[in-house]
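The values are calculated or read from the model by the stated rules, or taken from the named source; none is laboratory data. This structure is a prediction, so every number in the text was calculated from the model and none was measured. Don't worry about glycine lacking a Cβ; one is built from the backbone with ideal geometry, like all the others, and counts go over all protein chains shown. Areas reflect the complete protein model, heavy atoms only, side chains present, ligands, DNA and RNA absent. Shrake-Rupley method; radii C 1.70, N 1.55, O 1.52, S 1.80 Å.
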Amino acid sequence: MENQNSPVQIMILNKKGSGNYTDIAELTKITSQQNDLFWIHLHYSAAEARKWLHDIAHLDPIIKENLLDDDTRPRSMHVHDNLFLSLRGVNLNPGSDPEDMIAVRLWATENYIITSNRRKLLSLEDISTALLSGQGPCSAAAFITTLIQRVTLRAGKVVEELEDNIEDLEETIDTNNLRQRNLLSDLRRDAIRLKRYFSPQKEALIQLLADAPPWITKEDKRPVRESVNKLNRYLETLDSTRDRAIVLHEEFLRTMSEILNQRMYTLSLVATLFLPLGFLTGLLGINVGGIPGAESPYGFLTICLGIAVLVVAMVGYLKIKKWY
């Protein structure tokens, strides 16, 4: 956008793919100018933007409330041949978490568009850049479909990255790698969050296709339908990613359980060998008279040989029983 700090930004579109930013005074032409298309973008958290929106007399109070609402659930609403649309885009701003979705709300007639959000959305930046270079949308319907396509495209990149990460984990799984286990948990959470966000977005676009204003033509609906198909594919990918993460997690648990069982089994064998030896040496070490061999110079050697014979006998017995 031209000025990220301005709470109200206005652009005049010539319906030929070009647009230029203008002063707020030009907004008086919204109801009278038919040759141009107006795009007004609001940073609705700013008091100036909220005041400006409340001062528009011809705008339905319900629409004003929805444009300023903090509720980010996607939805589509056809009102008197006009359209209210709420979408969510992934957060690809530097240093941000993609799953921290950014909501954008849109009110559109055939002659003007009002968008509102609280944080920068790169999809709107794309449209602004395209308009300034003369390659932007030529109508309100094209603006809406372009926004939907951009939001869906960036969502796809996040889903593909998530899928690549789970594939890398499958190839390099290491049960002793704590970082991998933490990453696996993060991937599961991300897949669940994204599905929770994308499902209502798909329903909103389906509603738009079923109940669109008359100025949104069948040709305009084609990219929206394609976006719905992509969202379906993304949701299937997220389901697959979540299931694969669950399988990997179970593999982690199974492998760790096998390692633990093997170690416990080894300790059990060692304990089995040393239990009778410990009993024998403990018995011979009691401080009372009558211990066999106590007076003999060969008593200690005899005991050691006896212990060795006992160890060999026990190892042989365990081998015969196939304990190891």
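Database remark: amide H of I113 closer than 5 angstrom to the amide H of F38, W39, I40 (H placed geometrically; neighbours at sequence offset of 5 or more, or on other chains; Pro and chain starts carry no H).
Please give the per residue volume of the convex hull enclosing the alpha carbon atoms of the stretch 48-123, rounded to a whole number of Å³. Intermediate values should be presented prior to the final figure.
Numbers: hull volume 7.6 nm³, N = 76.
That works out to 99 Å³ per residue.
Rounded to the nearest 20, the size of the Cβ-charge dipole of the chain about its Cα centre is 620 debye, with Lys and Arg at +1 and Asp and Glu at -1. Averaged over its residues, the stretch 202-309 has an accessible area of 67 Å² per residue, based on protein heavy atoms and a 1.4 Å probe.
Could you pull out the chymotrypsin sites (Phe, Trp or Tyr not before Pro) across the stretch 214-316 that fall in loop regions by DSSP (anything but H, G, I, E, B) with no more than 11 other Cβ atoms inside 10 Å?
Numbers: sites: W215, Y234, F252, Y265, F274, F279, Y298, F300; in loops: W215, Y298.
Answer by residue number: Y298.
Applying the Karplus relation 6.51 cos²θ - 1.76 cosθ + 1.60 with θ = phi - 60° to the stretch 266-277 yields 3J(HN,Hα) values of 4, 5, 5, 5, 4, 5, 5, 5, 8, 4, x, 5 Hz, where x marks Gly and Pro.
Per-atom-type breakdown for the chain gives carbon and sulfur 54% of the accessible area (1.4 Å probe, protein chains only). Calculated accessible area for the stretch 52-155 comes out at 40 Å² per residue, all protein chains present (probe 1.4 Å; ligands, DNA, RNA ignored).
Computed on the Cα atoms alone, the convex hull of the stretch 221-324 gives a volume of 127 cubic angstrom per residue.
For the stretch 135-227, the fraction of alpha-carbon pairs lying more than 17 Å apart is 60 percent, rounded to a whole number. For H249, the accessible surface of its heavy atoms amounts to roughly 70 Å² (probe 1.4 Å, protein chains only, rounded to the nearest 10). Applying D = kT/(6 pi eta Rh) to the chain, where Rh is the Kirkwood radius over alpha-carbon pairs, T corresponds to 25 °C and eta to 0.890 mPa s, the Stokes-Einstein value obtained is 98 µm²/s. Helices in the chain, meaning DSSP H runs of at least 4 residues, each add -39500 (n - 2.57). Divided by all residues, the mean residue ellipticity at 222 nm is -20000 deg cm²/dmol.
So, by mean Cβ neighbours within 10 angstrom, what's the order for 135-141, 155-161 with the highest one leading? Write down the numbers at each step before the final one.
Values: 135-141: 19.4, 155-161: 17.1.
Final packing ranking: 135-141, 155-161.
DSSP bridge analysis restricted to the chain gives an antiparallel fraction near 80%, rounded to the nearest 5.
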